[in-house]
Amino acid sequence: MIRSAVRCSELVELATDWMEGSLDSVALGQLEEHLAVCPHCRSYVTQLRTSIGLLGETPREAPPASARAALLQAFREGVSPDGR
Amino acid sequence: MLEVDGSGDRELIDRLRRGDESAFASLLDRYYQSMMHVARGYVASKEAAEDVVQDTFLGVITGIGRFEGRSSLKTWMFRILVNRAQTRGEREGRIRPFSSVSDGRDEPAVDPARFEGSGRWAGYWSTPPTADLLPESGVLAAELGTRLLAAIEVLPEAQRTVLELRDVLGFSSHEVCDLLEISEVNQRVLLHRARSKARAMLETYVDDGRDR
């Protein structure tokens with residue numbers, strides 16, 4: 001391990017700004033320099049990306065059957081089920 | 001899964017206007033629960049959120065003929081949702097959510113005990129994250145994803161809402177700021193806290209799984 005301008009405890013707080021592209025060029029350079037030499041922080045970023053990916057890929061559960069049926073009925077009729 | 005963004009929108013909107021029930025069912029299945037999660041940020045009870053989500057889909061049914069497609073269908077639907085949830089929340093006398101990001105601003109992304117506390121390597125990992133976290137099989141990924149979706153329920157409301165919109169639903173930061181009427185900076189703070197915690201939850205599941 002080589003010491004760098006950004007410490008691991010700082011990198012984890014900058015990770016979102018980095019992924020959102022909102023770091024200035026100096027901070028960006030320091031962060032990427034750290035990532036290049038720190039396998040643990042690379043693992044950390046991989047974990048972040050994995051959890052973001054899972055959240056986007058996993059379907060949410062279906063609506064309750066009664067609500068689903070009522071809204072499908074409303075769609076068929078083109079009006080709301082309770083007349084509103 | 002039916003694509004409800006960009007180029008897929010036109011076809012889906014046409015199907016909805018023609019009364020294609022399977023198109024409407026796909027919207028229900030894809031968005032109902034996410035809408036419930038977002039609505040819960042504005043109203044007092046699960047029942048109130050159900051009313052808001054039902055009203056939103058009724059609004060979609062009556063409004064789809066006039067929808068001009070200037071935004072994506074998804075953005076339009078969630079705009080309807082947030083408007084209705086806000087109205088309901090105000091009627092309930094609730095303070096506007098997301099007016100502050102004080103929940104969790106000072107929480108560290110990672111437990112400070114996992115870094116060296118002093119010496120030459122202060123601030124460097126003492127208990128680093130596991131390298132091979134990536135689920136290898138689809139089944140495991142699906143199980144982890146389901147557990148993660150359930151786990152983010154416990155996040156503070158504003159963080160949960162931003163995470164739902166950004167990472168579960170795939171809205172851009174700009175769209176989320178618009179929908180929730182928050183600044184880019186606040187959006188990023190909330191996203192950061194939420195993503196950091198989601199990562200920690202995932203790490204716990206995977207490490208627990210290894211120990212068993």
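Here, each number is a calculation from the coordinates, and none is a lab measurement. Worth saying up front: this structure is predicted, and the values here are computed from it rather than measured. Backbone-built Cβ (ideal geometry, glycine too); neighbour counts: all protein chains shown.
Brief remarks follow.
- Descending principal axes extents, region B:141-212, alpha-carbon based, whole Å: 45, 19, 16
- Convex hull volume per residue, computed on the Cα atoms of region B:39-195, equals 158 Å³.
- Sites B:Leu140 and B:Asn83 - FRET efficiency at Förster radius 41 Å, r taken between beta-carbons, to 0.05: 0.55
- Sites A:Val26 and B:Arg114, calculated FRET efficiency, Cβ-Cβ separation with R0 25 Å, nearest 0.05: 0.40
- Considering all C-alpha pairs of the protein assembly as shown, those separated by over 30 Å amount to 38%.
- Just checking the listed ones, B:Gly170, B:Gly119, B:Gly65: in the Gaussian network model of chain B with Cα springs under 10 Å, the one fluctuating most is B:Gly119.
- By the Kirkwood approach, averaging reciprocal distances over each pair of separate Cα atoms, region B:20-128 gets a hydrodynamic radius of 16.9 Å.
- Springs between Cα atoms under 10 Å define the GNM used for chain B, and in it the highest mean-square fluctuation of B:Val60, B:Val139, B:Val168 occurs at B:Val139.
- Per-residue ellipticity at 222 nm, computed for chain B from helices alone with -39500 (n - 2.57) per DSSP H run of at least four residues, works out to -19500 deg cm²/dmol.
- Max mean-square fluctuation residue, GNM over chain B, Cα-Cα springs under 10 Å, options B:Ser45, B:Ser183, B:Ser173: B:Ser45
- Kyte-Doolittle mean at least 0.5 and Cα axial length at least 18 Å: DSSP H helices in chain B: B:138-151
- Using alpha-carbon coordinates, inclination of helix A:8-19 to the longest axis of chain A, degrees: 50
- Across chain A, the fraction of Cα-Cα pairs farther apart than 14 Å, rounded to a whole number, is 72%.
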